[in-house]
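**Q** One structure coming up, written as structure tokens, with questions to follow.
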Amino acid sequence: MSRPQQTRFVTRALVLVVIMGLGALFAVHPYIAQGTTVPPGQFPSWNPAVPCTAVLTSIEGIIGSQPNANGGATYGGGGFIPGIPNKRSTSPPCTVNGNTTFVEVHGVQMLTLTNVVEDCAQYPNGNFCDTTSNFKDPKCASSDVNLCQMHMEIDQAWKSASIAPQNPPVTTQLFDIQGFVYWDDGHLNDSWHSYTGWEIHPISAWRYSSSSTPDFGLTMNLNKLSVQQGSSSTATLVVTGLDGFNGTVTLSAFVTSKIANTTTVTLNPPSVSITPGGSATSILTIQASPSALVYNYWTVTLKGTNGGLTHTLLVTLAITRPPPDFNISASPASATLTPGSSRSVTITLQSMSNFTGTVNLAASVAPADTTASLSPVGPSASLSPTSVNIAGNGSATSTLSVSTSLLTTPGTYTVTIRADSGTLSHSTTVTITVSLM
């Protein structure tokens, strides 16, 4: 073979090797950005504490398409094996064994529409917790939902180091995320972890996704709603226009059918107008009856509709018991006396929400009006006993004795009975009319 022929042969062989290498690389790491394939390591970090450049990929590109016995993704099928060795590190390696660990994923959506705060630890500068969420790829075509979703965490150590991003809001809007791939083999049997060990942990930064289609998103200012039995609470629903959206969004809200008879939800206003680049709010009011079922994980469904666009936001609702308390009442609440007479009134104290404790009582008298005299001589009032013990969900009574003398000025008086127990204080009144007849 002549020298020119040898040169051409070597050149062609090298080109073939490079093509085969790139083909194998892209087969392992699918890099998808707006429908085009992009090379790895070309996306700068959004977090100044991260020196790595990100590989643009997808949830499916990270966890792979090989299901295990539970339907979750296997370790061996993952696209970024092995991932970082320490999820708590505030400076994870950009590569491990030559494989990229830092990824960027576009267009993911909250799966459970909630942030969970868990796995807390004490650091020199305070106590910090992980904020965890599950995300899905809304464009994933796999029939196995576990291969379309992934667990992601904002790490406690990153919060302690003041390099963690803010917690994302509970919203239907799409996110772009940067973070480090990590394998946690302790969750292969956990449905909430999609039966796989793959995570993005930690998330180093996130942002809202952009698209060319006008749309809107729903965001709640609280990650979890809460209301006490017999009370109401409010939260703010934010409707945000995306990518030039302009129009009216009709809003509705409803609760799980099991509590629909005892808990109501309303939105005011029931529709909002959004201009390009703008947003609007509606106040969600939750009213729970005293008989509403106590549970920590009811669901409130919020829906926004504009023509063919509909977004649903599922927010967790906790119905709780009010804190222990008591109330006080008087029977009768009014009485008429003549000078030189007396009257007894029963004061009842009732435990609420399993209140248990000692309640101290005191009575005072004041004229309801002073038209009869500038310095009226009022009736006297006393309580027996002046201290009562209330058992859980029980009651106790005390007798209020109101007496007048022959010198008592006719007129109307108010007897105030005050009941105190620790920081709790309640009162009731009895109207006493002193008449000569």
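The values are calculated or read from the model by the stated rules, or taken from the named source; none is laboratory data. Note that the structure is predicted; figures quoted are calculated from it, not measured. With ideal geometry, Cβ positions are generated from the backbone for all residues, glycine too; neighbour counts draw on all protein chains shown. Only protein heavy atoms, including side chains, enter the accessible area calculation; ligands, DNA and RNA are left aside. Shrake-Rupley method; radii C 1.70, N 1.55, O 1.52, S 1.80 Å.
**Q** Run the quick spin-label model on Trp46 and Ala333: label points 7 Å from Cα toward the beta carbon, then report their separation in nm to one decimal.
**A** Label-label distance for Trp46 and Ala333, simple model: 5.8 nm.
**Q** Between Val96 and Leu424, take the C-beta separation as r, use R0 = 51 Å, and let me know the FRET efficiency to the nearest 0.05. Please report the intermediate quantities before stating the final value.
**A** Details: r = 59 Å, r/R0 = 1.15.
The value I calculate is 0.30.
**Q** Could I ask something else about it? Could you size up the charge dipole of the chain around its Cα centre, putting +1 on the beta carbon of Lys and Arg and -1 on that of Asp and Glu, and report it in debye to the nearest 20? Before the final figure, lay out the partial values.
**A** Details: 15 positive and 19 negative charges, 53 e Å.
Dipole size: approximately 260 debye.
**Q** Right, something else. Which of Ile274, Ala73, Thr285 sits farthest toward the positive end of the charge dipole of the chain, with +1 on the Cβ of Lys and Arg and -1 on the Cβ of Asp and Glu?
**A** Among Ile274, Ala73, Thr285, the one farthest towards the positive end of the dipole of the chain is Ile274.
**Q** How much accessible area per residue does the range 99-188 have, in Å², with a 1.4 Å probe? If you can, show how the numbers build up before the last one.
**A** Values: 3380 Å² over 90 residues.
Per-residue value: 38 Å².
**Q** Of all the accessible heavy-atom surface of the range 301-437, with the other protein chains kept in place and a 1.4 Å probe, what percent is carbon and sulfur?
**A** On the way: 3490 of 6810 Å².
The value for the range 301-437 is 51 percent carbon and sulfur by accessible area.
**Q** Further question: Once you have a ≥ b ≥ c as the square roots of the Cα gyration tensor eigenvalues for the range 167-313, tell me rounded if a/c is under 1.5, and otherwise prolate or oblate according to whether a/b is larger than b/c. Intermediate results must be reported in sequence, preceding the final value.
**A** Values: a/c = 2.40, a/b = 1.12, b/c = 2.15.
Verdict is oblate for the range 167-313.
**Q** Could you state the per residue volume, in Å³, of the convex hull enclosing the Cα atoms of the range 54-162?
**A** Values: hull volume 13.3 nm³, N = 109.
Dividing the Cα hull volume of the range 54-162 by its residues yields 122 Å³.
**Q** Over the Cα atoms of the range 309-437, what radius of gyration and what Dmax do you get, in Å?
**A** For the range 309-437, the Cα-based Rg and Dmax read 20.4, 81 Å.
**Q** Could you report the accessible area of Phe254 in Å², rounded to 10, computed with a 1.4 Å probe on the protein chains as they sit in the structure?
**A** 100
**Q** When the chain is fully extended, how far beyond the present Cα-Cα distance does Ser142 get from Asn296, taking 0.36 nm per residue of separation? List each step's numbers first, then the result.
**A** Working: separation 154, 0.36 × 154 = 55.44 nm, distance 3.26 nm.
So the chain would gain 52.2 nm between Ser142 and Asn296.
**Q** Ignoring ligands, DNA and RNA, how do Ser58, Ser329 rank by accessible area with a 1.4 Å probe, largest first? Let's see the in-between values first.
**A** Details: Ser58 20, Ser329 55 Å².
Ranked list, largest accessible area first: Ser329, Ser58.
**Q** Leaving ligands and nucleic acids out of the surface, order His311, His151 by accessible area at 1.4 Å, largest first.
**A** On the way: His311 35, His151 5 Å².
Descending accessible area places them as His311, His151.
**Q** Tell me the mean residue ellipticity at 222 nm calculated for the chain from its helices only (DSSP H runs of n ≥ 4, each -39500 (n - 2.57), averaged over every residue, nearest 500). Could the numbers behind the result be given before it?
**A** Working: 3 runs with 36 residues, N = 437.
Helix contribution divided over all residues of the chain: -2500 deg cm²/dmol.
**Q** While we're looking at this one, here's another question. Spelling out what I want: for every residue of the range 160-170, take phi, set θ = phi - 60°, compute 6.51 cos²θ - 1.76 cosθ + 1.60 (Karplus), and round to whole Hz; glycine and proline get x.
**A** Computed from phi, the couplings for the range 160-170 are 4, 7, 6, 10, 7, x, 5, 5, x, x, 6 Hz.
**Q** Still on this structure: Viscosity 1.567 mPa s, temperature 4 °C: what is the translational diffusion coefficient of the chain from Stokes-Einstein with a Kirkwood Rh over Cα pairs, rounded to a whole number of µm²/s? All intermediate terms of the calculation are to be shown ahead of the outcome.
**A** Details: Rh = 27.4 Å.
The Stokes-Einstein estimate is 47 µm²/s.
**Q** Still on this structure: Collect residues whose amide H, placed 1.01 Å from N in the peptide plane, falls under 5 Å from the amide H of Ser204; neighbours closer than 5 in sequence don't count.
**A** Here Gln178, Gly179, Phe180 satisfy the definition.
**Q** Now for a different question. Looking at the chain as a GNM with Cα springs under 10 Å, which of Thr248, Thr100, Thr358 has the largest mean-square fluctuation?
**A** Ranking Thr248, Thr100, Thr358 by mean-square fluctuation puts Thr358 first.
**Q** Would you mind getting me the FRET efficiency between Thr285 and Thr248? Use the beta-carbon distance for r and R0 = 22 Å, nearest 0.05. Mind dumping the intermediate values first?
**A** Details: r = 21 Å, r/R0 = 0.96.
The pair Thr285/Thr248 has a calculated efficiency of 0.55.
**Q** For the range 63-198, with all protein chains present and a 1.4 Å probe, just round the carbon and sulfur fraction of the accessible area to a whole percent. Write down the numbers at each step before the final one.
**A** On the way: 2700 of 5490 Å².
Of the solvent-accessible surface of the range 63-198, carbon and sulfur hold 49 percent.
**Q** Take Thr53, project a point 7 Å from its Cα along the Cβ direction, then tell me which residues of the range 82-98 have their backbone nitrogen under 17 Å from it.
**A** Those under the cut-off are 94-96, 98.
**Q** How much length is gained on full extension from Ser344 to Asn393, taking 0.36 nm per residue of separation minus their Cα-Cα distance? Mind showing how you got there, number by number?
**A** Numbers: separation 49, 0.36 × 49 = 17.64 nm, distance 2.57 nm.
The Ser344-Asn393 span can extend by a further 15.1 nm.
**Q** Given H placed 1.01 Å from N in the peptide plane, which residues other than close sequence neighbours of Phe245 have an amide H under 5 Å from its amide H?
**A** HN-HN under 5 Å from Phe245: Asp215, Gly277.
**Q** Quick query: amide H of Thr320 versus all other amide H atoms, modeled in the peptide plane; which residues come in under 5 Å with a sequence gap of 5 or more or a different chain?
**A** Residues meeting the criterion, in which the H sits 1.01 Å from N, are Val227, Gln228, Gln229.
**Q** I've got another one for you. Across 5 Å bins from the origin, how do the percents of Cα pairs in the range 247-387 run, short distances first?
**A** Going from the shortest bin to the longest, the percentages are 2, 7, 11, 12, 9, 8, 7, 7, 7, 7, 7, 6, 5, 3, 1, 0, 0.
**Q** Okay, next question. How much length, in nm to one decimal, is gained on full extension between Asn354 and Val238, taken as 0.36 nm per residue of separation minus their Cα-Cα distance?
**A** Stretched out fully, the Asn354 to Val238 stretch lengthens by 38.0 nm.
**Q** Give me the count of lysine pairs in the chain whose alpha carbons sit under 29 angstrom apart, restricted to pairs 8 or more positions apart or on different chains.
**A** 14
**Q** Among Ala157, Ala260, Ala366, which one shows the highest mean-square fluctuation when the chain is modelled as a Gaussian network with alpha-carbon springs under 10 Å?
**A** Fluctuation is largest for Ala366.
**Q** Taking the full set of protein chains and a 1.4 angstrom probe, give the accessible area of Cys140 in square angstrom, rounded to the nearest 10.
**A** Cys140 exposes around 30 Å² with every protein chain in place.
**Q** Compute the convex hull volume of the Cα atoms of the range 107-217, divide it by the residue count, and report the result per residue in Å³ as a whole number.
**A** Working: hull volume 12.0 nm³, N = 111.
Output value, Cα hull per residue: 108 Å³.
**Q** Let me ask you something else. In the Gaussian network model of the chain, springs joining C-alpha atoms below 10 Å, which of Ser282, Ser204, Ser257 carries the largest mean-square fluctuation?
**A** Ser257
**Q** Let me check against my output: what whole-number percent is the relative contact order of the range 137-198, with C-alpha pairs under 8 Å and at least 6 apart? Before the final figure, lay out the partial values.
**A** Details: 43 pairs, mean separation 18.3, N = 62.
In percent, rounded to a whole number, it is 29.
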